[in-house]
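All remarks here apply to the structure that follows.
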Amino acid sequence: MSTEEQPQGETLHPYKADLHIHTVLSPCGDLEMSPSAIVAHALARGLDMIAISDHNTTRQVKVAQRIGRQNGLFVLGGVEVTSQEETHCLCYFPDEATLDEFQLFLDAHLPPIPNDEDRFGYQLIVDENDEIVGEEEYHLLNAIDVDIDGIYEEVHRIGGLFVPAHINKGTTSLISQLGFVPPDLQADGLEINFRTTKEEILKKFAYLKRFNFITDSDAHFIDNVGDVYNVIYMAHRNFDEFRKALYGKEGRHIDTAYFRDHKLPKIL
């Protein structure tokens with residue numbers, strides 16, 4: 001079946017999705033980035049779907065998902081992992097069980113280096129009422145001791161999706177760290193930031209045409225939630241439909257790089 005076909009009787013709907021958002025748990029995330037505030041701003045800006053992707057931890061995802069369900073917003077569970085190569089990688093998971101399993105993997109491989117709050121910022125876990133209920137002890141911006149291929153294998157072992165983040169960014173990306181995107185890269189898709197387009201990337205790296213692309217806000221500040229988003233055509237908002245869209249299956253597909261009010265987000 002081609003990417004332009006869809007099963008008879010299924011109607012695809014366009015869903016606005018920002019799939020790379022940090023909470024107050026990321027040390028670089030602003031203190032206003034509580035799950036409740038993120039969900040409220042996402043809805044106010046017309047988003048149908050978001051993904052929480054804190055650095056090297058999933059511990060703020062479930063609260064955001066509960067708030068999202070209560071308010072009609074689909075919240076995809078994710079994390080932004082820093083590989084051994086110091087490349088950022090987005091990982092998405094279908095349910096709480098796989099989130100918990102991947103958290104065990106992260107706990108086993110993140111260096112036990114205490115966070116310096118004065119230098120890097122707080123790493124807070126908050127509840128639905130924005131009350132602080134915990135804090136990550138170890139600094140979350142460090143690289144784990146697993147390379148890109150190893151992260152991909154673990155994510156796929158438990159049924160998740162692996163998408164190298166902002167591959168064209170000047171730091172912490174495949175291109176910045178390796179100088180190129182490996183032709184034999186194992187991934188389910190690629191994220192590019194707003195400073196380029198898929199067409200521009202393919203002019204330089206034509207071999208990447210086998211991947212579909214996403215572009216997101218990478219929001220660390222509340223005003224940037226939804227500044228950049230995708231429109232994903234799916235029958236429903238769920239993980240399996242997102243997987244199909246990422247692979248262009250059964251007519252599902254992703255249109256990328258939409259800008260809210262043509263504003264550019266703050267870049268860290």
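If a residue counts only when it is within 25 Å of residue 229 (Cα to Cα), in contact (Cβ under 8 Å) with a residue 40 or more places away in the chain and among the hydroxyl-bearing types (Ser, Thr, Tyr), which strands (runs of 3 or more DSSP E) contained entirely in region 51-127 have at least 1 such residues? Steps first, please.
Values: elements: 74-82, 88-93, 124-126.
By residue number, 74-82, 88-93.
Kindly provide the set of residues from region 193-220 that are closer than 30 Å to residue 124 by Cα and not hydrophobic (A, V, I, L, M, F, W, C), ordered by number. Steps first, answer last, please.
Filtering region 193-220 down to residues closer than 30 Å to residue 124 by Cα leaves 193-194, 214-220.
Correct list: 193, 215, 216, 217, 218, 220.
Apart from one condition, residue 31 fits all of (1) more than 20 Å from residue 172 (Cα to Cα); (2) touching a strand residue (DSSP E or B) at 6+ places or on another chain (Cβ under 7 Å); the exception is (2). Annotation note: of 138, 152, the sole residue that is closer than 24 Å to residue 214 by Cβ and either modelled with pLDDT of 95 or more or acidic (Asp, Glu) (or both) is 152.
Does residue 196 fit the bill of being assigned to a loop (DSSP other than H, G, I, E, B), under 30 Å from residue 32 (Cβ atoms) and either among the aliphatic types (A, V, I, L, M) or without any contact (Cβ under 8 Å) to a residue 12 or more places away in the chain (or both)?
Working: assigned to a loop (DSSP other than H, G, I, E, B): yes; under 30 Å from residue 32 (Cβ atoms): yes; either among the aliphatic types (A, V, I, L, M) or without any contact (Cβ under 8 Å) to a residue 12 or more places away in the chain (or both): no.
Answer is no for this residue.
Right, residue 172: within 24 Å of residue 142 (Cα to Cα) and touching a residue at least 40 places away in the same chain (Cβ under 8 Å) or not? Judged against the criteria, residue 172 is a match. Residue count for region 241-256 under the criterion of being part of a helix (DSSP H, G or I) and out of contact with any strand residue (DSSP E or B) (no Cβ under 9 Å at 6 or more places or on another chain): the result is 1. Would you confirm whether or not region 146-168 contains a residue that is out of contact with any Phe, Trp or Tyr (no Cβ under 7 Å at 6 or more places or on another chain), under 19 Å from residue 21 (Cα atoms) and surrounded by fewer than 19 Cβ atoms within 10 Å (Cβ to Cβ)? No. What number goes with the only condition from (1) under 19 Å from residue 30 (Cα atoms); (2) in contact with a Leu (Cβ under 6 Å, 6 or more places away or on another chain); (3) in contact (Cβ under 8 Å) with a residue 24 or more places away in the chain; (4) not small (Gly, Ala, Ser) that residue 135 does not pass? Among (1) under 19 Å from residue 30 (Cα atoms); (2) in contact with a Leu (Cβ under 6 Å, 6 or more places away or on another chain); (3) in contact (Cβ under 8 Å) with a residue 24 or more places away in the chain; (4) not small (Gly, Ala, Ser), residue 135 violates only (3). Considering (1) out of contact with any Lys or Arg (no Cβ under 9 Å at 6 or more places or on another chain); (2) under 26 Å from residue 37 (Cα atoms); (3) hydrophobic (A, V, I, L, M, F, W, C), the lone condition that residue 205 does not fulfil carries the number (2).
The values are calculated or read from the model by the stated rules, or taken from the named source; none is laboratory data. The structure displayed is predicted, hence computed values, not measured ones. Note: ideal-geometry Cβ built from the backbone for every residue, glycine included; neighbour counts use all protein chains shown.
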